[in-house]
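The structure appears below as structure tokens.
The values are calculated or read from the model by the stated rules, or taken from the named source; none is laboratory data. On a predicted model such as this, the values are computed, not experimentally measured, just so you know. Cβ atoms come from the backbone with ideal geometry, glycine included; neighbour counts cover every protein chain shown. Heads up: the accessible areas ignore ligands, DNA and RNA and are worked out on the full protein's heavy atoms, side chains in. Shrake-Rupley method; radii C 1.70, N 1.55, O 1.52, S 1.80 Å.
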Amino acid sequence: MGGRSCFPPTTTRARCHRKLSSIRRDEPNHETVMVIGPADLRSVARGNPQGSPIEETHVYDVIARSTWRFPVLFVVGLPTSPPFVTEIPLYVNRLNSEESVIPFEYNHFDFCVADDNDDAPVENLGQVVFGERIRSSPYKIQFAADKNCSDVCTKKYAKGNEADKNKLSVLTRGMLLNYQHHWIMDNMPVTWCYPVEGGENYCSTGFPMGCYVDKKGQPKDACLISEAYSEKDTFYIFNHVDLTIHYHNGQGEDWGKNINGKIGRVVDVRVFPRSVQHSAGKGCGNTAPPMAIPGDLKLSKDLEIKYTYSVKFIINNSKKWSSRWDYILESKPHTNIQWFSIFNSLVIVLFLSGMVAMIMLRTLHKDIARYNQLDSGEDAQEEFGWKLVHGDVFRPPRKGMLLAVFLGSGTQVFLMALVTLVFACLGFLSPANRGSLATCALVLYVCLGTPAGYVSARLYKSFGGEKWKSNVLLTAMLCPAILFSVCFVLNVMLWAVGSSAAVPFLILLALLALWFGISVPLTFIGAYFGFRKRPLEFPVRTNQIPRQIPEQSFYTQPIPGIIMGGILPFGCIFIQLFFILNSIWSSQVYYMFGFLFLVFIILLITCSETTILLCYFHLCAEDYHWWWRSFLTSGSTALYLFIYCVHYFFTKLDIKGGISTFLYFGYTFMFVFLFFLLTGTIGFMACFWFVRKIYSVVKVD
């Protein structure tokens, strides 16, 4: 590379990748495959345990259909059979960029498109909502058949033609913002592997559509991969791809017995994009000059861009089908950072647990023993600390309905996150099953309206509330309406720019149907059972006249206490948060659900213990307004999450444009709001249990 720094900089592209058992569980080494053909070939798919010979003339009749769960056997024709080989479909997905939040469908750019998209896989709800658009491609690939510089199509741009200039402008803008292709073959991402700093190899699930050399002659992004891309103020479109497909031919495996290496399983697909000017007459070789487009789009003559591809098949029996994702996940391991994060979080948890244990076992035990020994009226006047506020500690909070609504919605989010993480850890929601994580989360959120309604109604009734109709409607409508409104505004902006991330109108109607047809009725059912229950019984009676709260010190005042409460929980998650944001905004595969589940449990414990500690200090200071404070203390973790997202935006991303910036912070707001409900509910429930517990063991006249 002539001494140039590696592309891309490790500060923006270095990501964590390692083996994960969930991938192995999602793509197990099953020895069964769907086969249509003669009966004796079904024994081939099962490994032919009887060892009966297979007639060669029947081999080409095998047809396998791809699923995400089972391996596919691709079959090559034999000399005695017609020249027939099975076709491996190549699909194209949306293009996105780290410099723009706005993704675009493949046909938004003037690329070669397939004649018919009927064979394209149907996207699930999660894929559609998050902007994936998988389409058939015009690239025809047949198993074990190498190709060299095969034509796909030729795009012509006439000099002076305004429509052609607009098409070129869209192409060059995509290259300027470093938009990335995302191709899929046999349910595997087609990867682009290149060296990075430290001599390691990084495999990205996307590859650039082209690159740009600025007016100063400084190559940007992918132009660093070759010194041929060096002309000032010039775009280089990657109109040629070299595809290398590794496959296992069955030797040494039960499923490959007695077939003489005539079938195979795809275990690795890699691409290397290049810019090639075919009119130079040098074919697609490395010596061919690049396809250059002037930066000002002023053409001296008509421009032709010819798209070509080469395919090479390589036998690789050292890699099994069940572990074919590993080279992607291992390309940039950050396991040590993960374990450091877990260790750091565990230290915080142990510290907090020690503090809580000291309070529970020593201070509280002494307080309770001392309070229970005060029998005389004279001694009773010497009461101090948290027992003094026993007549006010369960006084209903202000804005109790809003608090109950937030707690109901927070319970819904908590159960959704917990169940989703459990399913992910069990291997049901791996990256191999695209869109499954988002689909699972959406469906669970809709179906968990009953717990939300029940918790909100039960607490609101315990607060002495009587407007049960308003409580039910707000629980079913308020938080989902906030999220849907923000999502709709963002969707309108995506519609306006023609982005593939814009949710189609019919899908929006389907989401509204899920909300009003399933979630709202389930919330009503939960609220019905909640209001039928008796109010929660508090261990002490509430005085009619509120007690005056003495002047508080700085650290026991509401705002400082709330702000301090979110520091420790955020400290437990911020490293894991870095990888989550990478997966969202940098199109990286996120697979570390085991780590994430462990961090979620640590967050649960930390929020609970932090809120209990601060609540105890406030009660000792004779401040009995703990209802909202307990919710906001742990909920303030969301404030630090937002600050970190702002820091990530300015230091890790290179997003350009007002619309992309607005979209980033719009999505961030939705994420932060859900996190606020989650952490606030955790802290409140822990504090509620703590307060009821300590006052239930104190003798009060």
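Residues that are open to solvent by 20 Å² or more (accessible area, probe 1.4 Å), farther than 15 Å from ILE559 by Cβ and in a helix (DSSP H, G or I) within the range 618-629 comprise just one, CYS620. State whether one or more residues within the range 484-493 are assigned to a helix (DSSP H, G or I), in contact with a strand residue (DSSP E or B) (Cβ under 9 Å, 6 or more places away or on another chain) and in contact (Cβ under 8 Å) with a residue 12 or more places away in the chain. Checked the range 484-493: at least one residue is assigned to a helix (DSSP H, G or I), in contact with a strand residue (DSSP E or B) (Cβ under 9 Å, 6 or more places away or on another chain) and in contact (Cβ under 8 Å) with a residue 12 or more places away in the chain.
Can you tell me which residue within the range 257-270, out of those that are surrounded by 20 or more Cβ atoms within 10 Å (Cβ to Cβ) and in contact with a strand residue (DSSP E or B) (Cβ under 8 Å, 6 or more places away or on another chain), is modelled with the lowest pLDDT? This residue is LYS262. Those residues that are out of contact with any helix residue (DSSP H, G or I) (no Cβ under 6 Å at 6 or more places or on another chain), aliphatic (A, V, I, L, M) and open to solvent by less than 50 Å² (accessible area, probe 1.4 Å), I need them from the range 494-511; list them, please. Once the filter is applied, which keeps residues that are out of contact with any helix residue (DSSP H, G or I) (no Cβ under 6 Å at 6 or more places or on another chain), aliphatic (A, V, I, L, M) and open to solvent by less than 50 Å² (accessible area, probe 1.4 Å), the range 494-511 yields LEU494, VAL497, LEU508, ALA510, LEU511.
Taken over the range 632-652, the residue count meeting the criterion of being crowded, with 18+ Cβ neighbours inside 10 Å and not in a helix (DSSP H, G or I) is 1. For the residues ASP254, ASP302, the requirement of being surrounded by fewer than 20 Cβ atoms within 10 Å (Cβ to Cβ) and within 24 Å of GLY160 (Cα to Cα) singles out ASP302. Highlighted here are the strands (runs of 3 or more DSSP E) found entirely within the range 184-234 that include at least 3 residues which are within 27 Å of ASP268 (Cβ to Cβ) and open to solvent by 10 Å² or more (accessible area, probe 1.4 Å): 192-195.
Name the residues in the range 590-606 that are of a type outside the set (Phe, Trp, Tyr), under 15 Å from the mean Cα position of the chain (by Cα) and open to solvent by 30 Å² or more (accessible area, probe 1.4 Å), would you? Passing the criteria: GLY594, LEU596. For PHE238, the criteria (1) surrounded by fewer than 21 Cβ atoms within 10 Å (Cβ to Cβ); (2) free of Cβ contacts under 8 Å to residues at least 40 places away in the same chain hold in every case but one, which is (1). The single condition from (1) over 30 Å from TRP325 (Cβ atoms); (2) surrounded by 20 or more Cβ atoms within 10 Å (Cβ to Cβ) that PHE665 fails is (2). If LEU677 satisfies every condition in (1) modelled with pLDDT under 95; (2) open to solvent by less than 20 Å² (accessible area, probe 1.4 Å) but one, which is the exception? So LEU677 meets the others, but not (1). Inside the range 498-540, can you point out the residues that are part of a helix (DSSP H, G or I) and of a type in the set (Gly, Ala, Ser)? Across the range 498-540, the qualifying residues are ALA510, ALA513, GLY517, SER519, GLY526, ALA527, GLY530.
Residues in the range 124-166 that are in a helix (DSSP H, G or I) and open to solvent by 40 Å² or more (accessible area, probe 1.4 Å): LEU125, GLU162, ALA163, LYS165, ASN166.
Here ILE184, ILE263 are screened, and the one residue that is in the same structural domain as SER150 (by the TED database) and within 24 Å of ASP110 (Cβ to Cβ) is ILE184.
Looking across the range 471-483, the residues that are touching a helix residue (DSSP H, G or I) at 6+ places or on another chain (Cβ under 7 Å) and surrounded by fewer than 21 Cβ atoms within 10 Å (Cβ to Cβ) come down to LEU478, ILE482, LEU483.
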